[in-house]
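Take a look at the structure below.
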Amino acid sequence: MTVTAEPEIVVSGNAPAPGVVVTSAVAQPVAFDVEKQQQPAASAAPTYASAAPALIDTEAGKGMGIALFVVILVGLVFLWIFPLISFICIITAIVLSSILTCSCCCAADYNLQPHVKKFAVATLVSLVLIFIIQVIYLIALFAAGETSVSGTVSVDTAGPALVIVAVLSLVLNFVALIFSALFTWGRKCCAPRT
């Protein structure tokens, strides 16, 4: 069904102001048959190999990549000093890298090279793993339950499992930092040869 707007003639004494057009919508049925629709010819559809090189922007997303790198670096620095800031930075970095990988919002017009997009996906995967490990670390830390007189939980008494989780978090932070640096500055050094 389509809706068309047709000018309406006003007959009553309440005429609209000069220059105002009053319209009314009229619904008209449309025959909808999927089989009658025209399909484009197979030769008219561009292939990825012929259309992609002209459309790819080699500098797309560099500003957002720099922001991603800085947020991950701040999260890495604050991992041992103030873990809450690190946790917030990881969530922010997940949002930034998911915007880059999904090409949504402000990254909708980015046409990234396939290997550059893989760097963004690898960054996102490592950030999600960091997030999961940090949640496990926080749960295990509070489950250890040993508190000092001041009410803080002691990491030394929590056991070697927390040390392993902390080391994994640190390693994954460096992996995310490396992949975000490759996304931002390593686009040409890691490009596939043609």
message: Just checking, does the stretch 114-124 include any residue being in contact with a Pro (Cβ under 9 Å, 6 or more places away or on another chain) and not hydroxyl-bearing (Ser, Thr, Tyr)?
response: yes
message: Kindly evaluate Ala143 against the criterion of being at pLDDT below 75, over 30 Å from Pro192 (Cα atoms), assigned to a helix (DSSP H, G or I) and not hydroxyl-bearing (Ser, Thr, Tyr).
response: yes
- prompt: Within the group Val128, Val116, Val153, which residue is at pLDDT below 70, surrounded by 14 or more Cβ atoms within 10 Å (Cβ to Cβ) and of a type in the set (Val, Ile, Thr)?
  reply: Val153
statement: Per the filter on the stretch 159-190, residues within 13 Å of Gly75 (Cα to Cα), buried (at least 16 other Cβ atoms within 10 Å of the Cβ) and touching a residue at least 60 places away in the same chain (Cβ under 8 Å) are Ser169, Asn173, Ala176, Leu177
- request: Filter the stretch 76-96 for residues that are among the aromatic types (Phe, Trp, Tyr) and either closer than 15 Å to Leu172 by Cα or touching a helix residue (DSSP H, G or I) at 6+ places or on another chain (Cβ under 8 Å) (or both) and give the result.
  value: Phe78, Trp80, Phe87
message: For the structure I just gave you, tell me whether Ala108 is exposed (fewer than 13 other Cβ atoms within 10 Å of the Cβ) and either at pLDDT 75 or above or more than 28 Å from Glu59 (Cα to Cα) (or both).
response: no
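The values are calculated or read from the model by the stated rules, or taken from the named source; none is laboratory data. None of these values were measured; they are calculated from a predicted model. Note that we place each Cβ from the backbone using ideal geometry, even for glycine, and neighbour counts take in every protein chain shown.
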